[in-house]
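Read the structure below first, then the notes.
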Amino acid sequence: MPKRQGWYRQPPRLKIAGMVAGLFSLVLIAMICAVSIVQIQAAITAYAGGESIWSRSQLAAVIYFDRYALSGDPQELEQARNRLSVPLADREARLAMEAESFDRGAARAGLIAGNNHPADVDGMIWLVRNLSDFDDFKKAIVAWQETDPGLLELREIGNELELEWSRAQPDREKLALLRQQLAEANDKLQIHAVRFREAMASATRRSASVLSIVSTVFLLILALVAWQLSSRLTRSVRHSAQNFRAIFEQAAVGIAQLRSDGRVLDVNEALSGITGYSKPELLAMRYEDLLFPEDWESGRLQQQAVMLGESASYSFQQRLKNSSGDALWGRLTVSMSDFPKDRTSNYIVVLEDISDSYRMSEELSYQANHDALTGLINRRAFERHLETVLREARSEHSNHALCFLDLDQFKVVNDTSGHLAGDELLRQVAAIARHSLRESDILARLGGDEFGIILRNLSADAASDIAEKLRAAIEDMTFTWEGRSHSVGGSIGVVPITPGVTDASSLMRAVDIACYVAKSRGRNRTYLSVKDDLQITEQRTEMEWVNRIHEALQENRFFLDAQFILPPANTDGRIRYEVLVRMKGEDGKTVPPGAFLPAAERFGIAPKIDRWVIDEAFRQLVAHPTHLNELDACHINLSGRSFDQPDFADFVIERLQHYGLSGSKICFELTETAAMHNLADAQSFMERLKGSECRFALDDFGTGLSSFSYLRRLPVDYLKIDGVFVRDIVTDQTDLAMVRAINDIGKTLRKKTIAEFVENDDTLELLKEMGVDYVQGYGLHRPCLFQDILTGSLRG
């Protein structure tokens, strides 16, 4: 018996060694797991702090870029790029970590440049390199990757802003578009940042759960193997708990544990620093004590979803009260705690102070919706208000009015006194408009010298009266700048907003046309558009031609006809004709020139058509060298609008050189009216083209009262007698005398004459008798395809 008792007291050394070895292995594995999870927790916490730095830097970059867009101050641009360098450095670090040929040095440098603490960098690198395939970490990495386009877009927008401000006259519309792109890029980046935080929050919870499970399992196993060694395991677990607690206390973000009834169970020091309350004060409070009464219900629905297991966590922005009673804005992430201290549900709340970011976002939102010069809302915000008022009109059957104000003398002020004067004029007009309107009305600067107004709950006539009072108030103002006074006026279009209006865009088009009608009637007046308004319909029809003409140019649906210009007597074999532009409609049918040319002239598209005609005529002429040798002159009509373009003469000369075409084959026709209105530009254009041997004809001659006095100044070669005089010379002695006089003046000035609208033989005989050099009209030749003349199918 003693021997057996001794055997029990001293187990075989092999068994003891096995127990010790097994226990040691278990302890070693437990410690490795615990340390690994603590390292993971530390790395996750580091990424949470890094994300906060990333978000603040990114948002600050957007703010400074936006300020630079408004001011052009290089210091704002430098600040923006400095802030943007932080998230870009994080991006470079991530790319280095993801690369097949891993460069630890580049990864460390990038993370440190991203303002991450050097002590956290190795753990952050290890997390990405080893755990990026796990679900939560993978989601976080994907969210991080998806910020790349946005960051690069911010950098590119900054470059475009710098390029725009480097110009002598920055394009304000381009700057406004870049600011809108800034806001949109910021919104996208914030979405990815939220996804990153949510993924990391989920990873934190799962890591905590794994730590709990692993620790518990190993405690049970170790208790079964040897109770006498449990203290060692306990110390290890306690050490792990201390590490975890250290992370909790040292986190850069505020963390609190709450009961479901709102009572605070635990907080870290960061939360005390954010709120200004001491830890004992916080532990004696409820969550509602930190809220303003009107915000108590905020986040209630999301909380219920977490309690029911429908959602793992939720994030939202919350206004809180600090210890001074002032408001602070925080981003809260709430999740269910895995360690309830009793049978009630507990929550883990992570709080990040975003007060500065919130204020910056509010400022950015204000700037995105307001005009920096006048302080009025901009076009984007105005159109949203218009949509709202239109919905009210439909739902409440109410009547409102939309007004469009365009200053009449703004360009004069800008050109004579400078842009600073123009800016001050806009500010004063905005102030007058505010004073003239009611508090419920909506006033906006839509761009340039254009203002939009929504007059609420008014009949069309009452709205027109208010608009007229505003116009009169603007007319009464005398704008003075540096001793120079300017008269100011404005044209205002008014359209009703009724339940039957289809959409806001049609309203904006209608009021723009109404303002155009006011200008066309003499400017500085108000025009009220009414139902079935014929003038508005006519203007709208003309404006619709603008898009049709642009589409025809893009789709190459223009073509050329030609009509011979002949000597009254037998021809000498030389060919002369006038090319005529034609357009095919969407259905393939030819559109009459009278349908689209007036709209092209009125809305400034005629120069584009002129350029197309010149290029097409030159191209076809050089493609037919035999015809070109026989050609005396190809006449090409020019719009008076083309002279407004300073590079038009350069264009013609460049096209002549491009095709190797002699200018002596070309005769440009300018209407007398256009030449008189643009005398200096027309004279300059002719003199430049004379150097290329081009010739000129003055078209529709005789309609202007000052024709003869100006004729000496214009180097024209031909006078085309207006067809209104030529058509009836057989029956109308006054017209006959007029044609004789014009022909005689032409001969005296050594200019050849061309008579238009020759429609019968009697007219031709009279013109031949008085010595007119050339004739043109349906009685001699009806216009045909230019191609038929070029190929010799028709001869003059």
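Counting neighbouring Cβ atoms within 10 Å and putting the fewest first, the residues 204, 216 line up as 216, 204.
Based on the reciprocal of the average 1/r between different C-alpha atoms, the Kirkwood radius for segment 54-225 equals 18.1 Å. Each principal axis of the Cα cloud of segment 349-427 was taken in turn, and the coordinate range along them, longest first, works out to 63, 41, 13 Å.
Which entries of 174/519; 665/751; 747/768; 690/768; 589/665 show an alpha-carbon separation above 22 angstrom in the structure shown? Result: 174/519; 690/768; 589/665 exceed 22 Å.
In summary, the lysines within cross-link reach of residue 188, defined as a Cα separation below 18 angstrom excluding same-chain residues under 8 places away, comprise 139. D for segment 381-480, whole µm²/s, Stokes-Einstein with Kirkwood Rh over alpha-carbon pairs at 20 °C and 1.002 mPa s: what number? The diffusion coefficient I find is 148 µm²/s.
Taking Cβ atoms as reference points and 11 Å as the exclusive limit, the residues near residue 432 contribute a net charge of +2, counting Lys and Arg as +1 and Asp and Glu as -1.
Peptide packing: for 486-497, 720-731, the average count of neighbouring Cβ atoms within 10 Å per residue gives the ranking 486-497, 720-731, highest mean first.
Quick note on segment 606-739: its Rg to Rh ratio, both from C-alpha atoms and Rh being the Kirkwood radius, is 1.01. Summarising the label geometry, the points placed 7 Å from Cα in the beta-carbon direction at residue 485 and residue 355 lie 5.4 nm from one another. Computed from the Cβ-Cβ distance with R0 of 35 Å, the FRET efficiency linking residue 469 to residue 163 stands at 0.20.
A straight Cα-to-Cα reach below 13 Å connects residue 138 with the aspartates and glutamates 98, 146, 198, residues fewer than 8 places away in its own chain not being considered.
Counted by neighbouring Cβ atoms within 10 Å, the residues 63, 29, 432 run from fewest to most as 29, 432, 63.
Fewest neighbouring Cβ atoms within 10 Å first, the residues 438, 263 line up as 438, 263.
Note on residue 75 and residue 323: their simple-model spin labels are 3.5 nm apart, each label 7 Å out from Cα toward Cβ.
From the largest down, segment 557-790 spans 46, 38, 36 angstrom on the principal axes of its Cα atoms.
Which net charge results when you count Lys and Arg as +1 and Asp and Glu as -1 among the other residues whose beta-carbon is under 13 Å from that of residue 441? In short, +3.
No lab work stands behind these numbers, since they all come straight from the coordinates. Predicted model only: the values in this text are computed from it and were never measured. FYI the Cβ positions are ideal-geometry reconstructions off the backbone, even for glycines, and counts take in every protein chain you see.
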